[in-house]
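As structure tokens, the structure follows; a few thoughts come after it.
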Amino acid sequence: MARQYDTLIVNGMVVDGTRMPRRKCDVAIKDGKIARLGRIDPDLADQIIDAEGQIVAPGFVDLHTHYDAQVFWDPYCSMSGWHGVTSVVIGNCGFGFAPVQEAFRERAMLSMTRVEAIPYNALKAGLPWDWISFPEFLQSLDNLPKAVNLRAFLPVGPLLCWVMGFERAKAGEMPTDTEHQEMRRILHEAMDAGAGGWSAQRLQPGSGTSVQNDYDGTPMPTDVMHDATCLQLAEVLAERNDGFIQVTLTKNDGTTKEHVEELAAVSGRPVLYNVILPFSHRPDSHKNGLQWLKDCRERGLPVYGQGLTTDAGFTFSFDEWNLFDEVPEWRTVTMGTPAERLDKIRDPIHRAALRKAQRPHLTLASIESISVAEVFIESSQHYVGQCIGDIAEAEGKHPIDALLDIAVADELQAVFYGVATQTTGDGFRDLMLDPWIIPGVSDGGAHTRFLTAGRYTTDAIIRAARDTEILSLEDVHWKLSALPAHCAGFTDRGTLQPGKAADIVIYNLEQLEILPVEKTFDFPADEWRRVQKAKGYKYVLVNGKVTIKDDNQTQVFSGELLRNPVQT
């Protein structure tokens, strides 16, 4: 009998991502695509994968990552690739490395060490810089071995600097008509080469949300750009009827929502708004955002919300920590070298200013809830495992002093764990139940010393379907795969249907687990990061090839650069 299929997955429980009921059936794969589902003769396949007792579902689509650098040394784009993600979108928030003139490469790397906390030495050693233009950057990505699929935004930050020059872009000047036309031309060129659209972070100075600043503490170029420029770029997507927009936005004049709506109306394309999150200290804060998204849908505006759905906290030390930047007093003391930071944190004047300052609220639930995770001097060992609030009360100190005294005693090497803002269970439920909230904000590739949110896919399955009854598996897999695929314009993947790409996860629901945080020295220049691995993924297939088996990398690099323009 002639073999019709390359691989046949048998005996699994198929949850196909369409929200149709699960069914026990086989999945046949041919030439990297799903050929057929149903009862299929195993003699027709070259290879059999037995999925008895396993869930068979579409690979996950991660729309918010910063693997622009890491992919050059990590084909799995981990943690995402370890947690069942088969397609990632890079170039988010308007940050990236193309187009970048050769003379500006150093400054581009320095920016990313602060705004996305990627170690400089790893960037310096790991980036090949064999490109200048954005199409050349895509070609460099295409040439890489990859265990996941990649789609790239054109990041607006480098675009502004390329067209206007660094100083004018950083000053927030309005581009001339000629410069706007050149930006439109470059966006067309980038999308002709395969870009998925464009992205920008616009956290306007003074908005109280400027948690991600440039290397020198100043706003990023996109933070000070103009609405008119965004609308010019939105018009390009309308002309092409292609691509989507990712925007992280807070405006000082109170017109944040109106501007997002205008981008959707002008472009006619999906707009992914970052971020909808529940705050533990303001448990209803996210509900206005959900109501706004509902209003947009009722008016026919394709605005989607990226929901922060993982409760991964932050593990950090003050020699590198930068995510209190929303508060100017904190930004001041956490700028500079570790020695400079230490001097400022010791200084009584700075310390007094921190005590009087507004508390940071965008990343951690509270100063008092921070716990001491690790210290390196004997006199501080008794603090390990205690919360700052308890330490402050016991020692009669202000919580700020209790925290920073421990940091200073260890010359800023002491490690703290901060509970994330989005710890409320009701908030997680609300985000998961909303049909048009895309779970995630993995920030994969960024904040690598502090954050392990790349676990969000495994987290969503466990917390929303297995351990609770918030959603069915059918709904969870639709939200993790089909919905983000639709938003990104991936018409060829995201569900298990004939003709779609064979991006597939096969896992044991009861054994699915997120492993503890560990420190790994696997970046270039022996730089380290914190990760959380997954347990329970029997197989992950990317374009029909097994990239993960029994939770381990197979070193099969079947991922592709998804560069062809696609339409929804």
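Being of a type outside the set (A, V, I, L, M), under 22 Å from residue 66 (Cα atoms) and not in a helix (DSSP H, G or I) is the filter here, so list the residues in region 150-192 that pass it.
151, 153, 155
Going by the structure shown, is residue 546 in a strand (DSSP E or B) and surrounded by fewer than 23 Cβ atoms within 10 Å (Cβ to Cβ)?
Numbers: in a strand (DSSP E or B): yes; surrounded by fewer than 23 Cβ atoms within 10 Å (Cβ to Cβ): yes.
In short, yes.
Matching residues to (1) among the aromatic types (Phe, Trp, Tyr); (2) without any contact (Cβ under 8 Å) to a residue 40 or more places away in the chain; (3) touching a Lys or Arg at 6+ places or on another chain (Cβ under 7 Å):
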{"site": "152", "(1), (2), (3)": "no, no, no"}
{"site": "160", "(1), (2), (3)": "no, no, no"}
{"site": "164", "(1), (2), (3)": "no, yes, no"}
{"site": "173", "(1), (2), (3)": "no, yes, no"}
{"site": "178", "(1), (2), (3)": "no, yes, no"}
{"site": "184", "(1), (2), (3)": "no, no, no"}
{"site": "187", "(1), (2), (3)": "no, no, no"}
{"site": "193", "(1), (2), (3)": "no, no, yes"}
{"site": "198", "(1), (2), (3)": "yes, no, no"}
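Which condition from (1) closer than 18 Å to residue 439 by Cβ; (2) modelled with pLDDT under 95 is the one that residue 250 breaks?
Condition (1) is where residue 250 drops out.
Could you list all residues from region 431-453 that are touching a Lys or Arg at 6+ places or on another chain (Cβ under 7 Å) and not hydrophobic (A, V, I, L, M, F, W, C)?
439, 448, 449, 452
Results for (1) out of contact with any Leu (no Cβ under 9 Å at 6 or more places or on another chain); (2) in a loop (DSSP other than H, G, I, E, B); (3) surrounded by fewer than 19 Cβ atoms within 10 Å (Cβ to Cβ); (4) among the aliphatic types (A, V, I, L, M), shown as yes or no for each residue.
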| site | (1), (2), (3), (4) |
| --- | --- |
| 216 | no, yes, yes, no |
| 223 | no, no, no, no |
| 228 | yes, no, yes, yes |
| 233 | no, no, no, yes |
| 238 | yes, no, yes, yes |
| 247 | no, no, no, yes |
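Hey, could you check region 74-102 for residues that are among the β-branched types (Val, Ile, Thr) and in a strand (DSSP E or B) and say which is farthest from residue 537 (Cα to Cα)?
Quick first cut of region 74-102, residues among the β-branched types (Val, Ile, Thr) only: 85-86, 88-90, 100.
If we keep only those that are in a strand (DSSP E or B) as well, we get 85-86, 88-90.
Values: 85: 11, 86: 13, 88: 18, 89: 22, 90: 24 Å.
Result: 90.
What pairs can you find where one residue is in region 223-237 and more than 15 Å from residue 197 (Cα to Cα), the other is of a type in the set (D, E, K, R) and part of a helix (DSSP H, G or I), and their Cβ atoms are less than 9 Å apart, with a gap of 6+ or different chains?
Going by the 9 Å Cβ cut-off, the qualifying pairs are 224/170; 227/262.
Please go through (1) surrounded by fewer than 24 Cβ atoms within 10 Å (Cβ to Cβ); (2) touching a residue at least 60 places away in the same chain (Cβ under 8 Å); (3) more than 26 Å from residue 28 (Cβ to Cβ) for residue 462 and return the number of the only condition it doesn't satisfy.
(2)
Take the residues of region 107-146 that are surrounded by fewer than 20 Cβ atoms within 10 Å (Cβ to Cβ) and basic (Lys, Arg): which is farthest from residue 68 (Cα to Cα)?
Ranking the qualifying residues of region 107-146, first place goes to 107.
Sort through 476, 505 and tell me the only one that's of a type in the set (Val, Ile, Thr) and touching a Gly at 6+ places or on another chain (Cβ under 8 Å).
Working: 476 fails: touching a Gly at 6+ places or on another chain (Cβ under 8 Å).
After ruling out the rest, the residue left standing is 505.
Look at residue 438 and say whether it is modelled with pLDDT of 95 or more and in a strand (DSSP E or B). Can you show your working first?
On the way: modelled with pLDDT of 95 or more: yes; in a strand (DSSP E or B): yes.
It is true that residue 438 is modelled with pLDDT of 95 or more and in a strand (DSSP E or B).
Kindly indicate which of 94, 126, 157, 84 is touching a helix residue (DSSP H, G or I) at 6+ places or on another chain (Cβ under 7 Å) and farther than 28 Å from residue 336 by Cα. Show your work before the answer.
Details: 94 fails: farther than 28 Å from residue 336 by Cα; 126 fails: farther than 28 Å from residue 336 by Cα; 157 fails: farther than 28 Å from residue 336 by Cα.
From the options 94, 126, 157, 84, the qualifying one is 84.
Does residue 420 satisfy being at pLDDT 95 or above and not basic (Lys, Arg)?
On the way: at pLDDT 95 or above: no; not basic (Lys, Arg): yes.
Spelling it out, it is not the case that residue 420 is at pLDDT 95 or above and not basic (Lys, Arg).
Out of 104, 72, 95, I need the residue that is buried (at least 23 other Cβ atoms within 10 Å of the Cβ) and hydrophobic (A, V, I, L, M, F, W, C). Which one?
Working: 104 fails: buried (at least 23 other Cβ atoms within 10 Å of the Cβ); 72 fails: buried (at least 23 other Cβ atoms within 10 Å of the Cβ).
Result of the check over 104, 72, 95: 95.
Every residue, every condition in (1) over 30 Å from the mean Cα position of the chain (by Cα); (2) under 21 Å from residue 480 (Cβ atoms); (3) not in a loop (DSSP other than H, G, I, E, B), yes or no:
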residue	(1), (2), (3)
21	no, yes, no
27	yes, yes, yes
35	yes, no, yes
40	yes, no, no
47	yes, no, yes
52	yes, no, no
56	no, yes, yes
61	no, yes, yes
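What residue, among those in region 513-543 that are small (Gly, Ala, Ser) and buried (at least 16 other Cβ atoms within 10 Å of the Cβ), is nearest to residue 188 (Cα to Cα)? Please lay out each step first, then the result.
Here is the first cut: in region 513-543, the residues small (Gly, Ala, Ser) are 525, 534, 536.
Those left that are additionally buried (at least 16 other Cβ atoms within 10 Å of the Cβ): 534, 536.
Numbers: 534: 39, 536: 43 Å.
Per the stated criteria, the residue is 534.
Checking residue 274 against (1) surrounded by fewer than 18 Cβ atoms within 10 Å (Cβ to Cβ); (2) closer than 24 Å to residue 325 by Cβ; (3) among the polar types (S, T, N, Q), only one condition comes out false. Which one?
Checking residue 274 against (1) surrounded by fewer than 18 Cβ atoms within 10 Å (Cβ to Cβ); (2) closer than 24 Å to residue 325 by Cβ; (3) among the polar types (S, T, N, Q), the one that fails is (1).
Residue by residue, here is whether (1) basic (Lys, Arg); (2) assigned to a helix (DSSP H, G or I); (3) closer than 21 Å to residue 8 by Cα holds:
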position	(1), (2), (3)
484	no, yes, no
487	no, yes, no
490	no, no, no
510	no, no, no
538	yes, no, yes
558	no, no, yes
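Go through region 165-217 and report how many residues are among the β-branched types (Val, Ile, Thr) and at pLDDT 95 or above. Before the answer, list the steps.
Restricting attention to region 165-217, the residues satisfying the condition of being among the β-branched types (Val, Ile, Thr) are 176, 178, 186, 209, 211.
Then drop every residue that is not at pLDDT 95 or above, which leaves 176, 178, 186.
Number satisfying all stated conditions: 3.
Would a scan of region 421-435 turn up a residue that is surrounded by fewer than 21 Cβ atoms within 10 Å (Cβ to Cβ), within 19 Å of the chain's Cα centre (by Cα), polar (S, T, N, Q) and under 22 Å from residue 365 (Cα atoms)?
Checking region 421-435: at least one residue is surrounded by fewer than 21 Cβ atoms within 10 Å (Cβ to Cβ), within 19 Å of the chain's Cα centre (by Cα), polar (S, T, N, Q) and under 22 Å from residue 365 (Cα atoms).
Quick test of your reading of the structure: residue 195 fulfils all but one of (1) part of a loop (DSSP other than H, G, I, E, B); (2) surrounded by fewer than 16 Cβ atoms within 10 Å (Cβ to Cβ); (3) hydrophobic (A, V, I, L, M, F, W, C). Name the failing condition by number.
Status for residue 195: all satisfied but (2).
Could we say that residue 308 is hydrophobic (A, V, I, L, M, F, W, C), surrounded by fewer than 23 Cβ atoms within 10 Å (Cβ to Cβ), at pLDDT below 95 and in contact with a strand residue (DSSP E or B) (Cβ under 7 Å, 6 or more places away or on another chain) here?
On the way: hydrophobic (A, V, I, L, M, F, W, C): yes; surrounded by fewer than 23 Cβ atoms within 10 Å (Cβ to Cβ): no; at pLDDT below 95: yes; in contact with a strand residue (DSSP E or B) (Cβ under 7 Å, 6 or more places away or on another chain): yes.
Answer is no for this residue.
The values are calculated or read from the model by the stated rules, or taken from the named source; none is laboratory data. Everything numeric in this text was worked out from a predicted model, so none of it was measured. We place every Cβ from the backbone using ideal geometry, glycine too, and count neighbours over all the protein chains shown.
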